[in-house]
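Quick notes on the structure that follows.
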Amino acid sequence: KPTIFSGVQPSGIPTIGNYIGAMRGFAQLQDDYDATYCIVNQHAITVPQDPETLRQMTRQLAALYIALGIDPKKSTIFVQSDVPAHTQAAWIIMCNTGIGELERMTQYKDKSSKQESVGAGLLVYPPLMVADIVLYDAQFVPVGDDQKQHIELARDFVDRFNARYGEDTLVKPEGIFPKAGGRVMSLQDPTSKMSKSDANPKSYISMLDDPKVITKKIKGAVTDSLGIVQYDKINQPAIANLLEMYSVLTDESIESIVARYEGQGYGNFKGDLAEVVVSVLEPIQKRYEELLAGDELDKILEEGAIKASEVANRTLARMEKAIGLK
Ligand code: AQP
């Protein structure tokens with residue numbers, strides 16, 4: 001089976017954007033791929049985190065992975081900091097990556113502009129992500145559109161590293177991007193990406209929001225003064241964003257949705273979209289609650305870390321040997 005790797009940061013509860021852009025595919029992919037899914041808590045600390053909250057969100061994200069349908073018998077699920085090979089490999093990768101290349105990353109520019117003081121970890125986030133991917137010989141990486149630049153960096157890195165240290169040292173990964181919904185926008189500002197760490201909770205739908213909150217947030221989403229449900233990304237970006245969300249979650253074409261709301265304002269459309277989102281999230285939330293209350297989660301993560309370490313340590317040894325550390 002081909003190999004895939006993906007991860008999500010426990011930097012907040014995942015949003016409907018994380019779900020549509022990446023996590024929704026995790027469970028579907030595990031039948032056809034040898035899948036490794038990570039809770040990337042070391043990525044999360046590239047910006048300040050409260051220790052107790054980080055610990056809680058790490059566990060919550062693991063529960064959400066399983067609630068989404070990732071089956072620990074089929075896929076490896078683990079927490080990044082439980083497998084030290086990630087930071088060990090990241091060091092080697094950093095030493096073979098130019099600062100200029102990292103400073104060009106848009107995520108670095110975006111996130112550093114929002115921080116009062118910028119930690120070095122934010123700049124070297126991509127080398128750690130390269131480590132995550134290459135350690136599992138991942139051929140494919142299912143991620144949202146915002147990660148395209150980081151995947152390109154990973155591909156360039158592998159070419160450079162292999163050319164220098166031996167063609168068969170690392171596997172070159174390829175991104176798998178969703179056909180639609182690769183970039184869900186904020187409900188309060190359709191020009192910026194929906195983000196789980198946004199300071200304004202009205203800007204996102206969290207996967208754990210209760211149905212009433214979901215409805216309130218969607219009804220309160222900014223729109224425009226045209227009052228016509230139609231797909232026009234330039235002039236009506238907010239409605240276009242809601243239409244895309246509706247379409248990917250129901251598999252109904254945008255044209256057919258637009259046709260149904262012809263001659264109506266935004267109220268009915270928003271109300272129905274809220275119902276769609278609730279119907280997708282409610283079953284996941286139910287399973288999530290059960291998992292969080294039980295103790296199977298800790299066992300799954302323990303076993304996942306052992307399984308992941310075996311693979312990661314093998315690749316790390318190969319890298320160390322190639323560059324002369326071993
Ligand atoms: N708005 C989005 N639309 C579609 N996909 C998205 N992803 C993130 N935001 C959207 C995808 O979700 C996966 C997990 O993301 P991440 O945790 O690695 O970090 P991120 O990309 O930085 O996501 P956030 O929500 O914006 O987190 P914070 O606020 O902590 O920075 C990735 O595959 C990503 O592409």
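Can you classify the chain as rounded, prolate or oblate using the Cα gyration tensor, where a ≥ b ≥ c are the square roots of its eigenvalues, rounded means a/c under 1.5, and otherwise it's prolate if a/b beats b/c and oblate if not?
Values: a/c = 1.95, a/b = 1.62, b/c = 1.20.
In terms of gyration-tensor shape, prolate.
Run the accessible area of the chain with a 1.4 Å probe and give the carbon-and-sulfur part as a rounded percent.
Numbers: 7680 of 15250 Å².
Result for the chain: 50 percent of the exposed heavy-atom area is carbon or sulfur.
Only lysine pairs 8 or more places apart or on separate chains count here, and in the stretch 204-306 those with Cα atoms under 22 Å apart total 11. Counting only protein chain heavy atoms and rolling a 1.4 Å probe, the accessible areas of Ile228, Ile300 rank, largest first, as Ile228, Ile300.
If you filter the stretch 222-266 for GluC sites (Glu not before Pro), then keep DSSP loop positions with at most 10 other Cβ within 10 Å, what is left? Kindly include the intermediate steps, with their values, before the conclusion.
Values: sites: Glu244, Glu252, Glu255, Glu262; in loops: Glu252, Glu262.
Passing both the DSSP loop test and the Cβ count: Glu262.
Helix 237-250 axis versus longest C-alpha principal axis of the chain: approximately 80°, rounded to the nearest ten.
How about the stretch 1-100: which trypsin sites (Lys or Arg not before Pro) there are in a DSSP loop, with at most 16 other Cβ atoms within 10 Å of their Cβ?
On the way: sites: Arg24, Arg55, Arg59, Lys73, Lys74; in loops: Lys73, Lys74.
Sites meeting the loop and neighbour criteria: Lys73, Lys74.
Between Glu296 and Asp71, the simple spin-label model (points 7 angstrom out along Cα→Cβ) gives 1.2 nm. Distance from the Cα centroid of the stretch 24-80 to that of the stretch 280-313 is 8 Å (rounded to whole angstrom).
If the chain linking Ala199 and Ile306 were pulled fully straight, counting 0.36 nm for each residue of separation and taking away their Cα-Cα distance, it would gain 34.9 nm. Taking each residue as 0.36 nm, the span from Lys212 to Glu103 lengthens on full extension beyond its C-alpha to C-alpha distance by 35.1 nm.
Of the beta bridges in the chain, as assigned by DSSP with both residues counted there, near 10 percent are antiparallel.
The values are calculated or read from the model by the stated rules, or taken from the named source; none is laboratory data. This one's a predicted model, so the numbers in the text were calculated from it and none came from an experiment. Positions of Cβ are backbone-derived with ideal geometry, glycine not excepted, and every protein chain shown enters the neighbour counts. Side chains are part of the model used for accessible areas, which takes the heavy atoms of the whole protein and leaves out ligands, DNA and RNA. Shrake-Rupley method; radii C 1.70, N 1.55, O 1.52, S 1.80 Å.
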